[in-house]
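I have placed the structure first, in the form of structure tokens, so that the comments after it can refer back to it.
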Amino acid sequence: MAGHFEATPGGGAAVALDEVEIAILRSLAVQLLELIGPGDAPAEGEDPLAALFAEGPSEPPTDPALARLFPEAYGDDDSELRAASAEFRRFTENDLRTRKRDDALTVVRTLDAVPAGEDGGTLTLTADECRNWLGALNDLRLTIGTRLEVSDEDEGGEGSLYRLPDSDPRKPMVMAYLWLGALQETLVETLMP
């Protein structure tokens, strides 16, 4: 089980993690939460139902990582499509942010609940927590990949990341990116019937 997820009864999954892996995953999830930003809780005395229908932003984020997490609905430069993208964003981004925040919070909470051992412990997830983890792992990879400027158009693809010299300052981020991908892959494989 070390390093990869395995199925558990009831549609969940488990993985053995050492203390360093737990700390790295938790730190990355907290950083993702900081990037996404706090939720918009209703102000004291405000109608919670009205807060559900609050409109979100209509402009895309300026941070490239946030723009990757909250992409335009329509990628064309046509003014009519830009208007449609703005309208779509206005009514969907708040919910998408909430879901991404919930996914990252689930990662933090489940890691905090790992029974402590000398060498780490076993993280055991329910089926619902697995879905949250898949979302958070994907968001973390998108964010790190954006920071590393990884794109589908790269000639070398991810393979060029393996060839970075150890002296390259991006190496730790590359290692996290690749490791998260391996975790994500084994979790997907575990959940497939």
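The values are calculated or read from the model by the stated rules, or taken from the named source; none is laboratory data. All values derive from a computational prediction rather than experimental measurement. Every residue, glycine among them, receives a Cβ derived from its backbone with ideal geometry; neighbour counts consider all protein chains shown. Surface areas here come from the heavy atoms of the whole protein model, side chains and all, with no ligands, DNA or RNA. Shrake-Rupley method; radii C 1.70, N 1.55, O 1.52, S 1.80 Å.
Does any residue of region 103-114 turn out to be within 23 Å of Arg141 (Cβ to Cβ), open to solvent by 30 Å² or more (accessible area, probe 1.4 Å) and hydroxyl-bearing (Ser, Thr, Tyr)? The answer is no, given that none of the residues of region 103-114 is within 23 Å of Arg141 (Cβ to Cβ), open to solvent by 30 Å² or more (accessible area, probe 1.4 Å) and hydroxyl-bearing (Ser, Thr, Tyr).
Scan region 1-19 residue by residue and report those that are in contact (Cβ under 8 Å) with a residue 60 or more places away in the chain and of a type in the set (A, V, I, L, M). Scanning region 1-19 gives Met1, Ala7, Ala13, Ala14, Val15, Ala16, Leu17.
Among the residues of region 39-73, those identified as closer than 19 Å to Leu96 by Cβ, modelled with pLDDT under 65 and part of a helix (DSSP H, G or I) are Ala51, Leu52.
Matching residues to (1) hydrophobic (A, V, I, L, M, F, W, C); (2) not in a loop (DSSP other than H, G, I, E, B):
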residue	(1), (2)
Leu105	yes, yes
Thr122	no, yes
Asp128	no, yes
Asn132	no, yes
Ala136	yes, yes
Arg141	no, yes
Thr146	no, yes
Ser151	no, no
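When the residues of region 79-102 are filtered to those that are among the acidic types (Asp, Glu) and open to solvent by 70 Å² or more (accessible area, probe 1.4 Å), the one that is farthest from Glu59 (Cα to Cα) is Asp102. Among the criteria (1) at pLDDT below 85; (2) open to solvent by 50 Å² or more (accessible area, probe 1.4 Å); (3) touching a Gly at 6+ places or on another chain (Cβ under 9 Å), the one Val150 does not fulfil is (2). Considering region 153-193, the residues that are farther than 25 Å from Gln31 by Cα and small (Gly, Ala, Ser) include one that is modelled with the highest pLDDT, namely Ser160.
Filtered by the rule that a residue be of a type in the set (Asp, Glu) and under 21 Å from the mean Cα position of the chain (by Cα), region 57-79 gives Asp63, Glu72. Checking region 91-102 against the condition returns no match, with no residue being closer than 22 Å to Gly3 by Cβ and modelled with pLDDT of 95 or more.
Take Ala16 and tell me if it is within 22 Å of Thr124 (Cα to Cα), surrounded by 10 or more Cβ atoms within 10 Å (Cβ to Cβ), at pLDDT below 95 and not β-branched (Val, Ile, Thr).
Here the answer is yes, as Ala16 does meet what is asked.
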